[in-house]
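Shown next, in structure tokens, is the structure this report addresses.
Values in this text are rule-based calculations from the coordinates and carry no lab data. Model, not experiment: these values are computed from the prediction. Cβ atoms come from the backbone with ideal geometry, glycine included; neighbour counts cover every protein chain shown.
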Amino acid sequence: MAEALSRLSPAHREVLVECFYQGRSVTEASQRLGIPPGTVKSRTHYALRALRMALEEMGVMR
């Protein structure tokens, strides 16, 4: 998982870390990152897509 996360952009990685690893809500993550809640939601959506693609490229998922 660390390898797949390292393949993401810093912006995508930071929202995933805040929301999934730190367990923060969208509101909490937006406050910590200094970005609007809608941006957190959008980045999370695209970050999960990018993470899924990275895992597929690594042969972990199909």
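Quick notes on this structure:
- The charge dipole of the chain, taken about its Cα centre with unit charges on the Cβ of Lys, Arg, Asp and Glu (plus for the first two, minus for the last two), comes to roughly 140 debye.
- Under the Karplus curve 6.51 cos²θ - 1.76 cosθ + 1.60, θ = phi - 60°, whole-Hz ³J(HN,Hα) for segment 26-39, x wherever Gly or Pro sits: 4, 4, 5, 5, 5, 5, 5, 8, x, 10, x, x, x, 5
- For segment 2-57, the spread of Cα positions along the three principal axes, ordered from largest to smallest, is 33, 18, 15 Å.
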